[in-house]
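Enquirer: Structure below; questions to follow.
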Amino acid sequence: MSRTVFTGDTSYFPNIDQIKFEGPGSDNPLAFKTYDPGRVVAGKTMEEHLRFAVCYWHSFCATGADPFGPGTRVHPWEVQGDAMANATEKMNAAFEFFTKLNVPYWCFHDVDMAWEGDSVAQSEKNLQACVDLAKERQKATGMKLLWGTANLFSNPRYMNGAATNPNFDVLAFGASQVKAAIDATIELGGENYVFWGGREGYACLQNTDTKRELEHFAMFLEKARDYGRSNGFTGTFLIEPKPMEPMKHQYDFDSQTVIGFLRHHKLDGDFKLNIEANHATLAGHTFAHDLRMASDASLLGSIDANRGDPQNGWDTDQFPSDLYDSVHAMMVVLEGGGLGSGGLNFDAKLRRESTDTDDLFIAHIGGMDSFARGLVIADRVLADPRTHELRFGRYTSFDSGDGKRFEEGDLDLQALRDIAAVNGEPQQISGKQELMENIINDFIVKGDC
Ligand code: XUL
Ligand code: CO
């Protein structure tokens, strides 16, 4: 259950031991209050249900810079002037953090781990050197890779998109990065490969051939899938919906848009969805809504666990601490039978104002406890017969008689009209929304988790 703690020659978190479960009575900020990896809930351990992952980019690369000012954190693992030494120390810090936090998984973009060279071939070599290192670290610690991905949005060459760029040379360049990132994911035993369409969208509808761009996008995904499959990738490809930011409009707008796209292009056998909370809210939905749409379509692949701020209209990527969000999310996950090869990746960043070394631990501990509580409470809510009755009991008129005949396609519009003419004004049946909400509140308050 607990991973072998990794420290290189230098410990970057010398005052922090492996984080342990101390239970709800503890007030130690560096201990889990609810997340107890071996605790069994609904037939599986918490570790098996939640499959937590730490992301490389926000945690070990970003320093808190925003459009109004530079970073506020100086990473002690940063080595100036020697790219490989820098990558090595960053990886040492990352694996020390992963193993002290005792998460089973991590996630990366190519350029988080490695650095771009002067040519495609040199970039491939740089990434390979980092993959060799990561492979050693994984072996030594028991850490596993939840997913890998390629960053096709930061470099200025991708200003007009990658797979949807009007310039074919940019598309091909993006493909070279995706090929290398799929190779890296395969080599590290990654269970999924993610496509977040960073700039796959448009800034100006009037100068964009959206029809052609979407066809290119589908073709690009198809060729990436074919490459992965013919080179031994047996995991799941994931699309991460997001409606906007950085582009005015992004093609992978939300769950339902992506589901329609995948089905239309017959990609739904290999691709599922990676739902990010803050992306769902940017689309005007709740986190649970996008999860439910994906789950209903049997396409819920994985989760980027974070949250936005209701007062901000952008992707704040805060650590998830809202219990309603985690309860609602875990209700969908449990009902859908779990995350399969997916997991809960903390695609979340410390606030710019959080500058102590232990803040990164505190933030992740809070996120893990939130989802562990969400899991326990969701299980209790779902096990309560009232929950089942309130949701599914509303549809009993379709279980027999004319309702059943309608579901089976046996009633045409004229027949429906004739039934209405005979039955007259329908009886009112309360939706009982407040009762549903009160039941969830009662379980949250009873808590004891
Ligand atoms: C950006 C985002 C990315 C993806 C991976 O909003 O969520 O970090 O998760 O590219
Ligand atoms: Co994300």
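The values are calculated or read from the model by the stated rules, or taken from the named source; none is laboratory data. Everything numeric in this text was worked out from a predicted model, so none of it was measured. Heads up, the Cβs are rebuilt from the backbone with ideal geometry, glycines too, and the neighbour counts pull from every protein chain shown. The protein model used for the area step is the full one, side chains on, heavy atoms only, and it has no ligands, DNA or RNA in it. Shrake-Rupley method; radii C 1.70, N 1.55, O 1.52, S 1.80 Å.
Enquirer: Calculate the FRET efficiency for N155 and K248 from the Cβ-Cβ distance with a Förster distance of 22 Å, rounded to the nearest 0.05.
Expert: Using R0 = 22 Å, I get an efficiency of 0.65.
Enquirer: Place a +1 charge on the Cβ of each Lys and Arg in the chain and a -1 charge on the Cβ of each Asp and Glu, then give the dipole magnitude about the Cα centre in debye, rounded to the nearest 20.
Expert: 420 debye
Enquirer: Also, quick follow-up: Pick out, in residue order, every one of the trypsin sites (Lys or Arg not before Pro) in segment 210-290 that is DSSP loop and has at most 15 other C-beta atoms within 10 Å; say none if there are none.
Expert: Passing both the DSSP loop test and the Cβ count: K248, K266.
Enquirer: First select every other residue whose beta carbon is under 12 angstrom from the beta carbon of R199; then total the charges, Lys and Arg +1, Asp and Glu -1.
Expert: -1
Enquirer: Taking θ as phi - 60°, what are the ³J(HN,Hα) couplings along segment 36-44 by the Karplus curve (6.51, -1.76, 1.60), each to the nearest whole Hz, with x for Gly and Pro?
Expert: 10, x, x, 5, 8, 10, 6, x, 9
Enquirer: Also, I was wondering about something else. Looking only at the chain, where both bridge partners belong to it, what percent of the DSSP beta bridges are antiparallel (to the nearest 5)?
Expert: Restricted to the chain, the bridges split so that about 15 percent are antiparallel.
Enquirer: For segment 294-449, what does the convex hull of the Cα positions come to per residue, in cubic angstrom?
Expert: So the per-residue hull volume is 180 Å³.
Enquirer: Please compute the length gained on full extension between S2 and D27, using 0.36 nm multiplied by the number of residues separating them and subtracting their Cα-Cα distance.
Expert: 6.8 nm
Enquirer: Ignoring ligands, DNA and RNA, what percent of the accessible area of segment 237-317 is carbon or sulfur (1.4 Å)?
Expert: 48 percent
Enquirer: While we're here: Could you point to the residue in N192, A42, F173 farthest towards the positive end of segment 20-383's charge dipole, with +1 and -1 charges on the Cβ of Lys/Arg and Asp/Glu respectively?
Expert: Farthest along the dipole direction, towards plus: A42.
Enquirer: Also, quick follow-up: Rank by packing, highest mean first: peptides 33-42, 374-383, with packing defined as the count of other Cβ atoms within 10 Å averaged across residues.
Expert: Packing proxy ranking, top to bottom: 374-383, 33-42.
Enquirer: Determine ³J(HN,Hα), in whole Hz, for all residues of segment 302-318 in sequence, where each value follows from phi through the Karplus function 6.51 cos²θ - 1.76 cosθ + 1.60 and θ = phi - 60°; x replaces Gly and Pro.
Expert: Couplings: 6, 9, 9, 8, 6, 7, x, 10, x, 8, 10, x, 10, 7, 6, 6, 7 Hz.
Enquirer: Right, next: Averaging the inverse of every distinct alpha carbon separation and then flipping it gives the Kirkwood radius. What is it for the chain, in angstrom units?
Expert: One over the average 1/r among Cα pairs gives 23.5 Å for the chain.
Enquirer: Is there a quick way to get the dipole size of segment 306-449? I mean about its Cα centre, with the Cβ of Lys and Arg at +1 and of Asp and Glu at -1; what is the value in debye to the nearest 20?
Expert: In total the dipole reaches around 160 debye.
Enquirer: With the crude spin-label approximation of a point 7 Å out along Cα→Cβ, what separation in nm comes out for Q122 versus N423?
Expert: Placing both labels 7 Å beyond Cα along the Cβ direction yields 7.2 nm.
Enquirer: Could you tell me which of the pairs K135/K242; K211/K266; K211/K242; K242/K432 are separated by over 22 angstrom between their Cα atoms in the structure shown?
Expert: Beyond 22 Å: K135/K242; K242/K432.
Enquirer: Rounded to the nearest whole Å², what accessible area per residue is found for segment 20-383 with the 1.4 Å probe?
Expert: Accessible surface, normalised per residue, equals 40 Å².
Enquirer: What number comes out for the charge environment of D226, summing +1 per Lys or Arg and -1 per Asp or Glu over other residues with Cβ under 13 Å away?
Expert: +3
Enquirer: Can you tell me the order of 299-312, 7-20 when each peptide is scored by its average per-residue count of other Cβ atoms within 10 angstrom, highest first?
Expert: 299-312, 7-20
Enquirer: Tell me the label-point distance for the pair E48, S397, using the 7 Å Cα-to-Cβ offset, in nm and rounded to one decimal.
Expert: That separation, rounded to one decimal, is 4.2 nm.
Enquirer: Over segment 387-446, average the accessible area per residue using a 1.4 Å probe and give it in Å², no decimals.
Expert: Per-residue accessible area for segment 387-446 comes out at 83 Å².
Enquirer: Quick check: residue separation of T10 and R386 times 0.36 nm, minus the Cα distance between them. What number comes out in nm?
Expert: The span from T10 to R386 would gain 129.9 nm if fully extended.
Enquirer: Using a cut-off of 13 Å between beta-carbons, work out the net charge of the residues near D412 (Lys and Arg +1, Asp and Glu -1, D412 not included).
Expert: Every neighbour counted, the sum reads -2.
Enquirer: If you roll a 1.4 angstrom probe over the protein chains with everything in place, what fraction of the accessible area of segment 358-420 belongs to carbon and sulfur, to the nearest %?
Expert: The value for segment 358-420 is 53 percent carbon and sulfur by accessible area.
Enquirer: With the dipole of segment 387-446 worked out from charges on the C-beta (+1 for Lys and Arg, -1 for Asp and Glu) around the Cα centre, which of A420, I439, G401 lies farthest toward the positive end?
Expert: Comparing the listed Cα positions along the dipole, I439 ranks first.
Enquirer: Cross-link partners among lysines for K20, C-alpha distance below 17 Å, same-chain residues fewer than 8 apart left out?
Expert: Reachable lysines: K33, K100.
Enquirer: As a test of the formula, what do you get for the chain when each DSSP H run with n ≥ 4 contributes -39,500 (n - 2.57) and the sum is divided by the residue count, at 222 nm and rounded to the nearest 500 deg cm²/dmol?
Expert: -14000 deg cm²/dmol
Enquirer: Shifting gears a bit: Dipole size in debye (nearest 20) for segment 215-358 around its Cα centre, Lys and Arg Cβ +1, Asp and Glu Cβ -1?
Expert: 420 debye
Enquirer: Something else about it: I need the peptides 436-443, 158-165 ranked by packing, meaning the mean over residues of other C-beta atoms within 10 angstrom, with the highest value on top.
Expert: Ranked from most to least packed, the peptides come out as 158-165, 436-443.
Enquirer: So the label point goes 7 Å from the Cα of Q433 along Cα→C-beta, right? Which residues of segment 319-340 then have their backbone N under 19 Å from it?
Expert: Within reach of a label on Q433: 324-325, 328-329.
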